[in-house]
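Asks: Have a look at the structure that comes next, please.
Every number here is computed from the coordinates shown, using simple stated rules; none is lab data. What you are looking at is a predicted structure, and each value in this text was computed from that prediction instead of being measured. Here the Cβ positions follow ideal geometry from the backbone for every residue, glycine too, while neighbour counts run over all protein chains shown.
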């Protein structure tokens with residue numbers, strides 16, 4: 001059975017994840033790769049509970065909903081796409097879970113283990129790194145802050161993203177102009193593709 005590639009685009013709110021994820025899928029399509037873009041939380045009942053909450057849920061309940069949402073997302077979208085040999089680009093994945101929920105006091109390693117028990121590990125994690133100040137300016141320019149977005153919260157989450165970076169992770173300075181950020185991301189993806197064999201099982 002053919003296996004695709006899983007790429008996660010991560011970072012604090014306001015780091016430019018959605019724009020870069022869309023640009024990445026467009027780039028892969030231009031190269032002739034079949035790629036899909038998925039965003040988490042998904043539109044499942046659990047994803048909606050997370051997004052529609054006017055206040056932060058209790059930490060353990062929030063983590064539970066993220067895990068339930070991801071389990072469905074893996075079953076219904078991510079794994080089927082990978083089994084068809086597609087390149088799956090995630091606009092947020094479980095590295096966000098680790099960063100955001102560990103900022104609320106849940107042990108990072110616990111969150112990682114719970115996620116990796118239900119979700120495939122990404123082949124590449126791109127962390128778009130920006131300061132909380134830059135992030136908040138971008139968020140405010142597009143409208144209202146969500147319950148996840150405060151300077152203190154974003155500082156903790158940014159630290160957690162950087163602290164939990166591993167061998168799968170490439171950290172990109174997303175304070176730079178979009179074209180420079182896009183170029184650096186594409187270089188990281190090209191490096192991954194150069195070692196990719198679509199016939200691997």
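Asks: In contact with a strand residue (DSSP E or B) (Cβ under 6 Å, 6 or more places away or on another chain), farther than 20 Å from residue 160 by Cβ and surrounded by fewer than 23 Cβ atoms within 10 Å (Cβ to Cβ): does that describe residue 49?
Replies: Answer is no for this residue.
Asks: In segment 1-60, what count of residues is obtained for those that are touching a residue at least 12 places away in the same chain (Cβ under 8 Å), closer than 19 Å to residue 75 by Cβ and part of a helix (DSSP H, G or I)?
Replies: Residues that pass the stated criteria total 4.
Asks: Determine whether residue 77 is touching a strand residue (DSSP E or B) at 6+ places or on another chain (Cβ under 7 Å) and either farther than 18 Å from residue 13 by Cα or assigned to a helix (DSSP H, G or I) (or both).
Replies: yes
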